[in-house]
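Some notes on the structure that comes next.
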Amino acid sequence: MYPTTMKAAVLHAAHDLRVEDVPIPELGPEDALVRVRACGICASDVHYYVHGRIGKYVVEEPMIVGHELAGDVVAIGSGVRHLAIGTRVAVEPGVTCGRCAMCKSGRYNLCPDVVFYATPPVQGGMSEYARIRADFAHPIPDHVSYEQGALCEPISVGVHCSNLTGIRPGDTVVILGAGPIGLTAIVAARQHGAGQVIASDVYPHRLEVARQLGAIAVDVRTDDLAQVVMDRTGGRGADELFDTSGVRSVIEAAPDLMRKGGAIALVGLPADDSVTYHMLKVVDKELSIHGVFRYSNTYPAAVALVASGQYPVEAVISDRIPLDQAVMAFEKALNEKDRAIKVIVTL
């Protein structure tokens, strides 16, 4: 059995994060209760911590943060048949309706009724226990750590980018920004068959991790990224490009790095979301530009990727901090970008 209350990292307002006792959520017939063992801090968590809101989503009531998690199934609802108590799982944090046109078409990330962890007013999973609909709890093998299981969430973004842009074996992929999403996108692109991945950033430690994950790392403070891309592609340009930087000037320069017929995936959100492209260049090259909203049908691939052991994905984990020090964990993620990459809260 499990208790009736649990410890959780609860955000009350901007810069007001508390570890406190809250009720354990009750299960519905299709749900599973997961004893959380690891939960990553995402940029969106930090944004809520700093500002108390993201766009129209405002923290008006106390909210448990966190949506990158893995743990053990400790209870299941009466209607669950495919998932057993004791199963180790990575939790996909966005539960969709399964009935709308977007869900039925397979693009369930665009479901208008999605319930996504730690998006107000939905409670997150940086807590000792978390409830999820059982079909969104994905089993992980025994040799995959809980921390690696938690990384399946950011890896899923890279898998989704790879699917949207149609990476083919031997392609050259450019990834702008070597934060947690950019770094995990390196391994997703390589898993999809990319012949070379070129990653750019301004932080030396992040670039070193990019090299560990198999990328050609470009420090844009000292090197000309466009020249590197053209040298590496014989003047042709990149086949695919993922922007994870969220820097307007970087996003606007992306078409210059592309070959004709290439595809761009936009993940990062600039503070000023008005971005200008030179449309003659976009049209002349017939570039495909994809907005990226989370992911769909990616968790099995993400689990397989970490389970393969081909890539040292845990290299992106810079800090492991227990739940009772969650405030310190958020401060590290916020203030130590030159060193901290993925901060994992352990439970």
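The values are calculated or read from the model by the stated rules, or taken from the named source; none is laboratory data. Just so you know, these numbers come straight off a predicted model, no measurement behind them. All Cβ positions, even for glycine, are placed from backbone atoms using ideal geometry, and neighbour counts span all protein chains on display.
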Of everything in region 132-152, what is in contact with a His (Cβ under 9 Å, 6 or more places away or on another chain) and not assigned by TED's automatic domain parsing to the domain that holds Cys97? Give them in sequence order.
Gly149, Cys152
Could you go through region 216-226 and let me know if any residue there is under 20 Å from Asp338 (Cα atoms), modelled with pLDDT under 95 and outside the structural domain of Cys42 (by TED's automatic domain parsing).
no
Hey, Val275 within 19 Å of Ser245 (Cα to Cα), at pLDDT 95 or above and among the aliphatic types (A, V, I, L, M) or not
no
Can you tell me which residue in region 93-125 is surrounded by the fewest Cβ atoms within 10 Å (Cβ to Cβ), limited to those that are of a type in the set (Ser, Thr, Tyr), part of a loop (DSSP other than H, G, I, E, B) and within 19 Å of the chain's Cα centre (by Cα)?
Thr119
Within region 1-90, strands (runs of 3 or more DSSP E) holding 3 or more residues that are loosely packed, with under 15 Cβ neighbours inside 10 Å, of a type outside the set (Phe, Trp, Tyr) and in the same structural domain as Leu183 (by TED's automatic domain parsing)
none
If you take the residues of region 132-157 that are among the charged types (D, E, K, R) and either within 14 Å of the chain's Cα centre (by Cα) or surrounded by 24 or more Cβ atoms within 10 Å (Cβ to Cβ) (or both), which of them is nearest to Asn297 (Cα to Cα)?
Glu153
Subset of region 219-244, residues crowded, with 24+ Cβ neighbours inside 10 Å, among the β-branched types (Val, Ile, Thr) and outside any helix (DSSP H, G or I), comes to Thr244
Report yes if some residue within region 303-322 is touching a Phe, Trp or Tyr at 6+ places or on another chain (Cβ under 9 Å) and closer than 21 Å to Cys39 by Cβ; otherwise report no.
yes
In this structure, is Ile198 under 16 Å from the mean Cα position of the chain (by Cα), at pLDDT 95 or above and either surrounded by fewer than 22 Cβ atoms within 10 Å (Cβ to Cβ) or not in a loop (DSSP other than H, G, I, E, B) (or both)?
no
Might you check whether a residue that is farther than 30 Å from Asp273 by Cβ, in contact with a helix residue (DSSP H, G or I) (Cβ under 8 Å, 6 or more places away or on another chain) and among the β-branched types (Val, Ile, Thr) occurs anywhere in region 59-67?
no
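Is it fair to say Val316 is surrounded by 15 or more Cβ atoms within 10 Å (Cβ to Cβ) and in contact with a Pro (Cβ under 9 Å, 6 or more places away or on another chain)?
So Val316 fits the description; yes.
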Is there a residue being closer than 25 Å to Tyr203 by Cβ, of a type outside the set (A, V, I, L, M) and not in a helix (DSSP H, G or I) anywhere in region 246-258?
yes
Selection over region 247-272 where residues are acidic (Asp, Glu) and at pLDDT 95 or above yields a count of 2
Of (1) without any contact (Cβ under 8 Å) to a residue 60 or more places away in the chain; (2) crowded, with 21+ Cβ neighbours inside 10 Å; (3) among the aliphatic types (A, V, I, L, M), Ile181 satisfies all except one. Which?
(1)
Conditions first: (1) more than 18 Å from the chain's Cα centre (by Cα); (2) in contact (Cβ under 8 Å) with a residue 12 or more places away in the chain; (3) not assigned by TED's automatic domain parsing to the domain that holds Val91. Tyr129 passes all but one, so which condition is the exception?
(3)
